Every structure is written in C-alpha cells, then in structure tokens.
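The values are calculated or read from the model by the stated rules, or taken from the named source; none is laboratory data. Not measured: the values here are computed from a predicted model. Cβ atoms come from the backbone with ideal geometry, glycine included; neighbour counts cover every protein chain shown. For the accessible areas, the whole protein counts, side chains as well, though only heavy atoms, and no ligand, DNA or RNA atoms are used. Shrake-Rupley method; radii C 1.70, N 1.55, O 1.52, S 1.80 Å.
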Amino acid sequence: MKRARRLSKADQKLVAAAKAAIRRRYRDDWQEVGAAVRTRSGRIFTGVNLDAYLGRMAVCAEAVALGRAVVDLGDAGIDTIVAVRHPSAGEMDQAVTVVSPCGACRELIFDYDPKARVIVPNGTSPTVVPIGDLLPNKYTRGSKR
C-alpha cells in the first residue's frame, strides 16, 4: 500500500461508529460486520451486513451503509468508508476489528466514488488508503473514467 496514511481523529470517529453499529445489532451467524461511511459533506451513515440462508442474497455492511447515504443525500460522494468484524460467539474474548472490504464492495465503492478512501487493517493499527490501491486495473464501461 504505497499511499497508506495513519488515521485522523475523524477516521477514528468513523471506526467507532462502525463498531457501535455492529455491537448494537450483532447476531451470531447473521450480523457480524458493521460499516460506516462518511460522505464528502461530512455526514456519517452506518450499516450491518444482512445475512441470508441463500448466500447470494446476503448484503455486505458497506453496501447497506452506502445505500442509507444515497437514500438520504443522493450521490454525495464517499470521503471514507470502513468495515469492522465482531468476534463470533466462540471468540468473544477478541476485539471488534477493522477488516478489508470484499472484492464486490471494492467495486461498489469505486463505482460510487473513485476518489474514496478506505480504512483497512495494517498490522496492529488500521491505515487509510485510496480505493484505487485496493482495486488495480478496475473494469470500466467505455471511457467513462
């Protein structure tokens, strides 16, 4: 990650919002991931993953948080986004930790804002990287970007 940065106070607040969302809505084997997105206007929206018996029906926490932002603000742009994982019932002695977005979420984040920043794990402390660093050679339709 060539352009990684340390977390600012605003980034730490975003991580705290994601952690609060999953702590509030955690259900073992159903809701294990929380996310928070800060729009370019500074508003924070949270979400949790929506699991399903049919795996392909599941929705990631990042998509839920982004959807909430789009419903309330329209396309306000993504300043920064983060996802966190709550430990499962057998791991309750562990902390809620920052996780990287899955491939589908990386595509979604980039599609909604190619200048978005993403908070990702980096050893013992998370770091902030541009979404493009997580998605090299991004597919685009035509010459849009």
When every residue in the range 31-41 that is open to solvent by less than 60 Å² (accessible area, probe 1.4 Å) and farther than 12 Å from Ile81 by Cα is compared, the one nearest to the chain's Cα centre (by Cα) is Val33
Exactly one condition in (1) open to solvent by 30 Å² or more (accessible area, probe 1.4 Å); (2) touching a residue at least 40 places away in the same chain (Cβ under 8 Å) is not met by Ile78; state its number.
(1)
Does the range 35-54 hold any residues that are within 22 Å of Gly132 (Cα to Cα), in contact with a helix residue (DSSP H, G or I) (Cβ under 8 Å, 6 or more places away or on another chain) and small (Gly, Ala, Ser), and which are they?
Ala35, Ala36, Ser41
Pick from the range 97-130, criterion closer than 18 Å to Gly77 by Cα and assigned to a loop (DSSP other than H, G, I, E, B), ranking: most open to solvent (accessible area, probe 1.4 Å):
Lys115
Test: residue in the range 94-115 that is β-branched (Val, Ile, Thr) and touching a Ser or Thr at 6+ places or on another chain (Cβ under 8 Å):
no
Would you point out the residue of the range 22-43, among those that are farther than 18 Å from Val120 by Cβ and not in a loop (DSSP other than H, G, I, E, B), that is modelled with the highest pLDDT?
Thr39
Just a yes or no: is a residue in the range 54-70 part of a helix (DSSP H, G or I), in contact (Cβ under 8 Å) with a residue 40 or more places away in the chain, open to solvent by less than 50 Å² (accessible area, probe 1.4 Å) and of a type in the set (Asp, Glu)?
yes
